[in-house]
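Working notes, structure below.
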């Protein structure tokens, strides 16, 4: 592997002597949350989430493994109160947005214990996030109808105020949403405003938003794309799995991680056992996966 990585609008130098567990930040001023981890052992076609987590070993709490950059390095996102704290995935229909937001959900639950990160889920469509109901990190049942989704957002707005008043930051709360189109329904303007406000300042209270939606975003959703608090991911028609990760002028081209049905069951079992993803607990799965690739 070359010692330097070049991506569109991004340049990162990877010292040959760097430890494999060292984060290598991409250049973006003081921006360190979006980074690629040096991992020369990752196979070019190996995009299943659980084997990727196995190869990376332990990760900081609430780290999202998005996939693999063009040069083979795993692409990681760790939400931060001082930097980008939220993630928005957008693109045409049937381009892998729901699969990727489910990858985000699994990553959060497998890189942090419930005492470190709690999760709320909204999925009014295809039940892509149904695995959340099997996770001990869930603060409530998955919201699958608008009334419940609205109640969760209003509760989260109150929780934000409580946390700011009492200076509470932990555990982190992750709101994971698949499809934001319902925010344009009549009577949902208050919910759209709550979500916009949380994207602007929620990270200060340890509240992070991870959402997928058709592009363009809902009309009532007014957050500027250049807002530094949000990392944007675009998906593309005819190229399912290809993504571009953006923050300001920064661009990283990558392929998204995915999970099989068997992987979903395995992930739920690991989370219920109270363990973060590590070599010890994923090695049998990884070895099995390697024998079939």
### Centre separation in Å (Cα based) which lies between segment 139-158 and segment 248-264
26
### Task
Sort 236, 77 so the one with the fewest other Cβ atoms within 10 Å of its own Cβ comes first.
236, 77
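Arranged by the count of other C-beta atoms within 10 angstrom, fewest first, what order do 164, 135 take? Don't skip to the answer; put the middle values down first.
Values: 164 15, 135 22.
Final ranking by Cβ density, sparse to dense: 164, 135.
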### Message
For residue 165, project a label point 7 Å along Cα to C-beta. Then give me every residue of segment 114-156 with its amide nitrogen under 16 Å of that point.
### Response
155-156
### Query
Hey, with R₀ at 25 Å, roughly what FRET efficiency would residue 215 and residue 127 work out to, going by the Cβ-Cβ distance, to 0.05?
0.70
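No lab work stands behind these numbers, since they all come straight from the coordinates. Please read these numbers as outputs of a predicted model, since none were measured by experiment. Every residue, glycine as well, gets a Cβ built from its backbone with ideal geometry; the counts of neighbours run over all protein chains shown.
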